[in-house]
1. If the cut-off is a Cα-Cα distance under 16 Å, which aspartates and glutamates reach residue 26, setting aside same-chain residues fewer than 8 apart in sequence?
2. Of the listed values [x] 13.9; [y] 12.6; [z] 18.3, identify the label whose number matches Kirkwood radius over Cα pairs in Å calculated from this model.
3. Can you give me the % of accessible surface on the chain that is carbon or sulfur? Probe 1.4 Å, all protein chains present, nothing else counted.
4. Per residue of the chain, what 222 nm ellipticity follows from adding -39500 (n - 2.57) for every DSSP H run with n ≥ 4, rounded to the nearest 500?
5. Using the heavy atoms of the protein chains and a 1.4 angstrom probe, tell me the accessible area per residue for the chain in square angstrom.
6. Students often forget the sequence filter, so: which lysines lie under 27 Å Cα-Cα from residue 23 once same-chain residues fewer than 8 apart are removed?
7. Could you derive backbone 3J(HN,Hα) for the stretch 40-49 from the dihedral phi with the Karplus parameters 6.51, -1.76 and 1.60 (θ = phi - 60°), listing whole Hz in sequence and x where the residue is Gly or Pro?
8. In straight Cα distance, which aspartates and glutamates are under 20 Å from residue 72, not counting same-chain residues fewer than 8 positions off?
Amino acid sequence: MESKSGLPSEVNIWSKIRGVLFKEIKITDTKLELTPRQEKIFKNVHDFWNQEITGQKVHDFLFYDITATKVKNFLLKDIEIIDNIEL
């Protein structure tokens with residue numbers, strides 16, 4: 001990734017997010033041409049915004065039972081690293 005001056009810039013999380021969000025999208029004959037990654041992102045966003053929200057789901061979210069045991073299990077959960085992770 002290069003900055004406006006043509007010099008290499010530091011790759012960080014924001015530059016990766018910006019690269020995904022502002023990547024060029026091709027439109028041909030009223031059809032959107034997306035890469036598989038763009039299709040996956042659009043599908044996830046669409047599914048999130050169009051999910052059904054019921055009164056029961058709102059109630060369950062607002063009145064979720066939080067106990068000391070659940071907090072302890074969450075904080076002390078074993079994490080398994082399965083591959084090298086690069087940011």
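1. Residue 26 reaches 39.
2. It is the value labelled [z].
3. It is 61 percent, rounded to a whole number.
4. -13000 deg cm²/dmol
5. Ligands and nucleic acids excluded, the figure is 105 Å² per residue.
6. Output for residue 23: 4, 31, 40, 43.
7. Each residue's phi maps through the Karplus curve to give 5, 5, 4, 5, 5, 5, 4, 5, 5, 6 Hz.
8. Those aspartates and glutamates meeting the cut-off are 80.
The values are calculated or read from the model by the stated rules, or taken from the named source; none is laboratory data. Please read all numbers here as calculations on a predicted model, not as lab measurements. Heads up, the Cβs are rebuilt from the backbone with ideal geometry, glycines too, and the neighbour counts pull from every protein chain shown. Accessible surface areas use protein heavy atoms only, side chains included; no ligands, DNA or RNA. Shrake-Rupley method; radii C 1.70, N 1.55, O 1.52, S 1.80 Å.
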